[in-house]
Every structure is written in structure tokens, then in C-alpha cells.
Amino acid sequence: MARLQKHQLRVPKPYIERPPAVTGILAPERFMKLVGLLLFIGAAVLPFITATPYMISILTSAMIYIVLAMGLNVVVGYAGLLDLGYIAFMAVGAYTSGILTTQFGFSMLETIPIVVLACIIAGVVIGGPTLRLRSDYLAIVTLGFGEIIRITANNLQVTGGPSGIHGIPTWSFFGWSFADGLELFGVHFGPKILFYYFVLFVGIGLAVVAVSRLGRGKLGRAWKSVRDDEDVSEAMGINGYKTKLAAYIIGAVWGGFAGTLMAGHLSAISPNSFEFLYSALVLMAVVLGGMGSTPGVIIGALFVSLAPELLREFSEWRFLIFGVLLVVAMIFRPKGIWPANAVLPFLKKRTIPEVPATEAIEVAGETNGTDIEEERR
């Protein structure tokens, strides 16, 4: 009995004690949430500072771009699927809501379930047979899908052909419409400002919070595993095909919702609004900001949507300057303006202690010379 106790395997203590979580306002995650909240409040206060129709219009378009980019971030940033035809899902959402409101008398709110269903079907139709492809082959197929949707909309009578759909109504809720305006505490809010707030609170708030939580959840970790190495993730028990299809469907729903917002904002859509250039711009926003990074994608979407407008005074030179800025940004920030693992240098980060030198441990069944001498005695 004594001999068995002598050679019993002992579990070694961990070499590194897990450092405690960083607390306080300078903790990286808490600090970024606080900055995001302040920027959100600033965007809500902005119409009280300047409410010119031009300013409200370009900011609303920029926020719709953010919703669209957040959806593509799920596909490209989290799951690693190179999608060059993502604007097609925006077209599906815009045309579905446009047809239902102008020809069947639906309100924008009533079209949302049908838009979601149409985008899920579109995601399954294109993603089902093609997501077994990888890298360049998948990019070519998605590029073709985007062109098929645009050409189909250009040749169907129900979509208005090349002229598109006009007279799309704004959002309405139980008989009250944004077009009626709103008088609140002596302040009059016009239809454009009401729609701006709707996109800000519902679109941006829902898109940013939902995508961020998805990325940190179980499904988000599966997406990142498939993105890093699909073969290894499948060996660990993750169904790569179903995981990628889930990312594609969720991205499609986000794109369709952005299309519905755009249709209500512009009140008119046409096939020219869904050319390949816009897919490239949205993909550029995700890559430029930082794939898989929520604040990076927001920065990239704002840059891509607002930079041409801010450079408008340079007339025909503005797109050249815009291109030069993109090249400079990618040279000096190849991983994006704000990568997913970026932390500001002045924030408190969890410090990991150095690994101490390893020590030999006893293994069951092994004895040294001293133990043999003791057994002989």
C-alpha cells in the first residue's frame, strides 16, 4: 500500500495564474463601448445643430451603408467568404418592398417579414449549391449572382424595367406616416429628420448590437474557426457547410433590410442603383475598416460613403483624390484602419506574467536509484 502511494501520479499546479480582468473606465472593452455611446448620442443631437436637407440626406445614406457593411462583415469578416455580389441582396430587399408598397398597397412595416423571407430564399438559392466552393471560385459565382439579379430586374415588367419603381412611400405605423411630421415639445421634426432617427436608432442600433453579439457567441466562434482553417474546424466537429450557409443567410437578411431602408429614403429605385461598383464599395468599406471589427467597419463605411461628398469641391478630381486616399490607407494600415485586435495604447490591458522554468514531475511506475535502495533495505 505504501509503495502505491509513493508512485501515485500528482497533478502539477498551473504554471501561470490567470490574471484578473481589467476593471475601470480604461478597460479596453468598456472604453470602446463608452466611446460608441457618446458617438451615438452625438449623432442623435446633430439635427439640433444643423438640419439642412443635404446634410440629413448624406448622413442617412451613410448610416444605411453602415447597416449594409455590417451584414457583409458577417459574410467576409467573420466567415471569410469573399462575396463580390452582395449588393444583390440589397436589390432583393429594395425591389420586394417597392413592389409590395406601390402595387399591392402594403406599408413599409408590413413588407419586412416578406423581405426577410425573400432574402432567406435568395441566400439559400445562391449559397446552397455554391458554398462548397472556396476563395476565387466563390467570388466569381457571387459576382455572377449580383449581375443576374440586376439584369433580371432590368428586363422584368413587374420591376419597372430600366426605369425602375417610383413613388415608393415612406415608413408608416398604424396610420401615421413620417410624411406627416411630428411636433414634440414645441420642436417640429420633418419627414427626413424622422427617417434619419429611424435609421439611427433601429438600423444602426440593431445592426451593430446584433452583429457584435453574434460575433462573440458560439456561432461567431464557429465562423471564425471556419475562416481561419476550414479543414481543422471540421476535424474538431464543426459543420463547415452549415456554418457558412448560416453566415450567408444572415448577411442576406441584413442586406435586404438595408435595401428596404434605401427604398424608403430615395422613394425610387432602378437597376443602375445595384451595379457591381456598389458591391465593390461595400467590400472596400469592410476591408478598409478592418475585417471582423465592428468599429473598423463603421469607420470604413463612413469613409467610403462620406469621402466623395466631402471632396465634392474638387469637382472632377474628387474621385482621383478618393482613390489616392484609399491606396495610402491600405499602404500604412494593411490590416485595416481599426483591426479586430486593435487596442488604444493608453488603455489598461491585462498583463500576462512570464512563464517560469518547468520542473520535472514524478510519473507513475518510474523510480530512481534512491527508491531502489530503500526497497532493498
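The values are calculated or read from the model by the stated rules, or taken from the named source; none is laboratory data. Bear in mind that the values here come from a model prediction, so they are computed numbers and not experimental data. Every residue, glycine among them, receives a Cβ derived from its backbone with ideal geometry; neighbour counts consider all protein chains shown. Ligands, DNA and RNA are excluded from the accessible area calculation, which covers all protein heavy atoms including side chains. Shrake-Rupley method; radii C 1.70, N 1.55, O 1.52, S 1.80 Å.
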*asked:* Can you tell me which condition Thr243 does not meet? The list is (1) of a type outside the set (D, E, K, R); (2) surrounded by 17 or more Cβ atoms within 10 Å (Cβ to Cβ); (3) outside any helix (DSSP H, G or I), and all the others hold.
replied: (3)
*Within the range 21-48, restricting attention to residues that are among the aliphatic types (A, V, I, L, M) and part of a loop (DSSP other than H, G, I, E, B), which residue is surrounded by the most Cβ atoms within 10 Å (Cβ to Cβ)?*
Ala27
*Can you tell me which residue within the range 105-139, out of those that are under 28 Å from Asp228 (Cβ atoms) and polar (S, T, N, Q), is most open to solvent (accessible area, probe 1.4 Å)?*
Ser135
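Select from the range 211-227 the residues that are without any contact (Cβ under 8 Å) to a residue 12 or more places away in the chain and open to solvent by 30 Å² or more (accessible area, probe 1.4 Å) and write down the one among them that is nearest to Thr170 (Cα to Cα).
Checking each candidate, the answer is Arg213.
Under the condition of being without any contact (Cβ under 8 Å) to a residue 12 or more places away in the chain and within 23 Å of the chain's Cα centre (by Cα), which residue from the range 103-139 is farthest from Lys244 (Cα to Cα)? Let's see the steps before the verdict.
Kept after step one, since they are without any contact (Cβ under 8 Å) to a residue 12 or more places away in the chain, are these residues of the range 103-139: 104-106, 110, 113, 117, 121, 125, 129, 133, 137.
Applying the additional criterion that residues be within 23 Å of the chain's Cα centre (by Cα) yields 113, 117, 121, 125, 133, 137.
Values: Pro113: 23, Leu117: 19, Ile121: 15, Val125: 14, Leu133: 11, Tyr137: 15 Å.
So the residue we want is Pro113.
State all residues of the range 321-337 that are open to solvent by less than 60 Å² (accessible area, probe 1.4 Å) and either out of contact with any Phe, Trp or Tyr (no Cβ under 8 Å at 6 or more places or on another chain) or in a helix (DSSP H, G or I) (or both); if no residue qualifies, say none.
Ile321, Phe322, Gly323, Leu326, Ala329, Gly336
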*Search result, residues across the range 261-319 that are more than 23 Å from Phe201 (Cα to Cα), within 19 Å of the chain's Cα centre (by Cα), open to solvent by less than 20 Å² (accessible area, probe 1.4 Å) and aliphatic (A, V, I, L, M)*: Leu288
*Which residue out of Thr102, Thr60 is of a type in the set (S, T, N, Q), open to solvent by less than 30 Å² (accessible area, probe 1.4 Å) and in a helix (DSSP H, G or I)?*
Thr60
*asked:* Taking the condition of being under 19 Å from Pro295 (Cβ atoms) and not charged (D, E, K, R), how many residues in the range 7-45 meet it?
replied: 18
_Can you tell me how many residues within the range 228-260 are touching a Leu at 6+ places or on another chain (Cβ under 9 Å), in contact (Cβ under 8 Å) with a residue 60 or more places away in the chain and closer than 30 Å to Met63 by Cα?_
12
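Per-residue answers, yes or no, for (1) under 18 Å from Phe257 (Cα atoms); (2) at pLDDT below 90; (3) hydroxyl-bearing (Ser, Thr, Tyr):
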site	(1), (2), (3)
Val124	yes, no, no
Phe145	no, yes, no
Ile148	no, no, no
Trp176	no, yes, no
